[in-house]
1. Work out the FRET efficiency for B:A58 and B:E85 from their Cβ-Cβ distance, taking R0 = 25 Å, and round it to the nearest 0.05.
2. Suppose each label sits 7 Å from its Cα in the direction of the beta carbon; what would the B:Y316-A:S322 distance come out to in nanometres?
3. Counting only protein heavy atoms, probe 1.4 Å: which residues of segment B:79-95 lose 10 Å² or more of accessible surface in the full assembly compared with their chain by itself?
4. Report, in debye and to the nearest 20, how large the dipole of the protein assembly as shown comes out about its Cα centre when Lys and Arg carry +1 and Asp and Glu carry -1 on their Cβ.
5. What dipole magnitude, in Debye to the nearest 20, does chain B give about its Cα centre under +1 on Lys/Arg Cβ and -1 on Asp/Glu Cβ?
6. State, to one decimal in nm, how far the label point of B:A382 lies from the label point of A:H47, with both points 7 Å from Cα in the Cβ direction.
7. Residues with beta-carbon under 9 Å from that of A:E49, excluding A:E49: net charge, scoring Lys, Arg +1 and Asp, Glu -1?
8. Over segment B:64-315, what is the mean sequence separation of C-alpha contacts under 8 Å (at least six apart), divided by residue count, expressed as relative contact order in percent?
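The values are calculated or read from the model by the stated rules, or taken from the named source; none is laboratory data. Quantities reported herein were computed from a predicted structural model and do not represent experimental measurements. Because the Cβ atoms are built from the backbone with ideal geometry, glycine has one as well, and the counts that use them run over all protein chains shown. When the accessible area is computed, the model is the full protein with side chains, heavy atoms only, and any ligands, DNA or RNA have been set aside. Shrake-Rupley method; radii C 1.70, N 1.55, O 1.52, S 1.80 Å.
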Amino acid sequence: MPVTVEIPTEKWAGSVREVTLGATADEGGTRTKTVTVGGETSLPFLHFEGKYPHPPVVAVEIQDSHPDDWSPLLLEAWGDVTKDPAAWAKKAEEIGADLIMLKLRGTDSSGAETTAAQAVAVAKAVLEATGLPLIVRGPGQAERDNELLVAVAEAASGERIALGLCEDKNYRTIVAAALAHNQLVIASSPIDVNLAKQLNILISDMALPLERVLMDPTTGALGYGLEYSFSVMERLRLAALQGDSMTQQPMICFVGEESWRQKESKVGEGVPETWGDWYKRAVMWEATTAISLLNAGADIITLRHPDNVPIVQRVIEKLMES
Amino acid sequence: MGLSGLAIYKLLPKTNCKECGFPTCLAFAMKLSQKQADLSACPYISEEAKSALAAASAPPIRLITVGSGDNKVEVGNETVLFRHEKTFYHPPGLFVRVKDTQPLAEVEETVAQVDGYTVERVGMDLRLNGIAVENASGKADVFATCVEAVRSKTQLPIILVADDPTAMKAGLEKLDGSTPLLHAATADNWEAMAALAKEYKSPIVAQVPDGDLTALANLAEQIKGAGVEDIVLDPGTRGFADSLAALTQIRRLALKKNFRPLGYPVITFPGEGTDSEAEEVMLASEHIAKYASLIVLDHFDPATAYILLTLRLNIYTDPQKPIQVSPGLYEINGPGPDSPLLTTTNFSLTYFSVAGEVDGSGVPSWLLITDSEGMSVLTAWAAGNFDAEIIAKAVKTFGVENKIGHRKIVIPGAVAVISGELEEELPGWEIKVGPREAVDIPVYLKNVWKN
Ligand code: B12
Ligand code: SF4
C-alpha cells in the first residue's frame, strides 16, 4: 500500500524585524541606496514554510588607516587602496559590496591615538566616496568607542549608520547618539541568548525603536568557536520565530575579522603541509565560516577578502531560490 | 520518538505482579518510555509484544554501516534537529568520487592521495572516509577494472555508483564482502539492485528525482519489502536551497513524526549542483551542518579537505562538554631548569594552539596548564576560571618551583590585566605578558624571553 508524505511545516508565531540601513536624500541622508534586512518568517532559507523577504547581505570591511597587521594575502588583494579609506570604499562598492563597514582602529600605524575629528573626517570621506549604507565600528574599548562613535553619529546625522559595538558597558552613550542623530546600533553580547535579550530590552527601554537595532551574537571563526556561535544563533532565531519579541533583531556576523585572525588564514609558512595551499585555505576559511553562519540565521556577513564577495553573494542567491 | 507510556502499557500483561521491580505494569511502562528500564525485566511479556516494542523503540533514523573493519563508517541514529538540544552523534562520512572514464593512473593517484591524507587538529587525526567510484562509461568491464584499481590503493569504504545492475554486480565482485554502499536503486531498477544488496549484504541508496519525498518513501518501502533494511536516501536535490529543504523535511519526518519509510541517513553530491570547487565546498559545509550523513565530493584538495574536516569536528562536538586536556606541567622540546615557563588554560583548542607554536619554535619550554573547565583564555577569564589565584594554585599543585630554577612566568597577552594580582599571589615571581596570539610565540621566545 503506497504511503503519502505530508511535508512537515512549522507554524511560527513570530518573525524577524525588518531593519533598514542607510537613508537617501528623500529620507534625510545622502545614500544612493538603502539596504533592508530581516523580515523572515522561517528558519534560514526554508522557503516551503515561510517568507524570506530580504536576502542576507555582504558588508566589506575597510579600516581608517592602513591595517599593517592584516594577512599579506589581504593586503596584496586590495593593493594601494588600504592606505586611503575613501578609495578603499569605492573599490569595495565596485566589486559589488552591499554595505561598507568602516572599522576605526583607534590608533594609526605610528601608534598615535585617533582623535574624534580624525574619525569624523574619515567617515565623511567614505560617505562621499560611496553611495552605500555604512556600518561604523569603534576600536572595541567602551570608552574609545563612545568618544569616536558619538562624534561620527553627530557629523553624519540622518544617514542611518549602524554604530557598533553597543555593549552592556556603553549602550547608554551609543543609543543616545543613535537617538539624537537618526542612526542604528549594533547590540553586541557574548554568545548567550539571555545576554542578547537583556541588552535588547535595555536598548528599547531607552526608546530606540527596535527597527533600528541589529544584533551581534559574537562570531567564532571556523575551528575557533564557530560551533558556539552557530548554536546560539539557532537558539536566538528559534526564540524569535516562537514569538519572543526581544530576540527578533536581524543578526550580523563579523566573519572577516574573526576568520582572518586565525593562523590558518594569516600565515603561509611554517604550517603543516596537510593544510594545503595558503590562498585557497585562507579564502575558503572565511567563505566557509560565512556560509555556516548564514545557515544559522545571519542577515549581514562582513568579509575582508575581495574575492569572496561575489562567491558568497552567489551562494546567497542560490539559497534564495525557491 | 518511541512509544508513549500508555501505548507500552497496552502491550504488557497488566497483572501488576511486581517482578520487574516496579509496583505496577503501568509504572514499568512509564519507565520504559523514558528509557530508564529494560524490557527484559518483565518475565511475562509475550513474543508478540516484544517485537512490537522492539520495532517501536528502534532508533528513528537507522544506523547504517558502510565498509568493514577499522575504516568502516557508521552514520544515522541521530536524535535531534538542533545540536544544542543534545548533540549530533555520527559525523557525516566524507567521500571523494572518481569515474571509470578517467585514466586509471589518475584514479589511482587521487585514491592514494585521499587514502594518505590525515591532518591533525586539537590532538586528533582527522581523515576523509572513502571513495565513490562511478560507472560513467556505462560498461561493466570498465567499471570492474576501475573498482579493482581503487581497491588496490585503499582499504577505505567504497560507494559504487552505477545505474546498471550488471555493472553494479561486476563492481561488487571486485570488493569481496567489504560491504560497499550501492548507489542507487531507482524506480526503474530497484528490484535487481535490491537483489544485489541482499546477495552481497550491502547497504543501498534509494534515489528519486527532484526531492519527491512521496516517491522516495515508497521506493524505500519497496526495497525494505524485498528484504533489504540497510537503506540510505538520495532525494535527488542538488542545489543549496532545494537540498536544504529536502534534508530538513526528511530529518523532521523521521524525528518528529517517527515516519519509518524515511527513517534513514541521507547522501548528497554537492559537486553536482555547483559551478566551482569553492561552491562545492560551501554546499558541502551546508550539508555538514544540515543533516547529510554521507557527502560525496568531486574534488580532493588538502586545503578544502582540512576545512571540511574542521567544520565537521566543530558541528559534531558535544555542546555540553568542550574538548579538554588534563591540567599539569607539560614538557616541550625537553626543557631544563632554565627553560621558559608559559601558562594557559586546559581548553584543547587553546592548549594545542600554544603547544604547537612552542614546539615549532624549537625552544625547550615548560607549559603549565590550569584547571579552567575546558574554557578558552578569555572565556575562562570572564568566568573566573583563569585568574591569578588559579594560576598560583597550579604552580603549587604541579610542583613547578621544584622543577624550575628561575621565577618567571609568561601569561597570555589577552589577560595582561591579571599580572598585578598574579604578582601578589606569587611573591618573588616576575610576571611576563606574552603576545596576544599564539602565532607570535616563537619570535617572543627567541627574542623577548632572553631579556
Ligand atoms: C567560544 C566562546 C565561548 C564558549 C566557550 C568556549 C570554551 N570552551 O571556552 C561559550 C559560549 C560557552 C562562551 C561563554 C562565555 N563567554 Co565566550 N567566547 C567564545 C569566543 C567566540 C571564542 C573563544 C575561543 O574559543 N577562542 C579560541 C582560543 C584558542 O583562543 P584563546 O584561548 O584566547 O587562545 C589564543 C590566545 O589567547 C593565545 N594564547 C592562549 N594561551 C596563551 C598562553 C601564552 C603564554 C601566550 C603568549 C598566548 C596564549 O593563543 C591562542 C591562539 O592565538 C570568544 C570571542 C572570539 N571571537 O574570540 C568569546 C569570549 C571569549 N567570551 C566572552 C564572554 C564574556 C563569555 C561569558 C562570560 C559570557 C557570559 N556572561 O555568559 C561566558 C563565560 C562562560 C560561562 N560563564 O559559562 C568574551 C570575553 C570578554 C573579555 N574580553 O573579557 C569574548 C571575548 C566575547 C566578547 N567579545 O565579548 N564563550
Ligand atoms: S513484571 Fe511484567 S507483569 Fe509483572 S508488574 Fe512488571 S510489567 Fe507487569
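1. The calculated FRET efficiency here is 0.80.
2. Inter-label distance under the simple model: 3.3 nm.
3. B:F82, B:R83, B:H84
4. That gives a dipole near 1920 debye.
5. 1620
6. About 3.7 nm, to one decimal.
7. 0
8. Here the relative contact order equals 19 percent.
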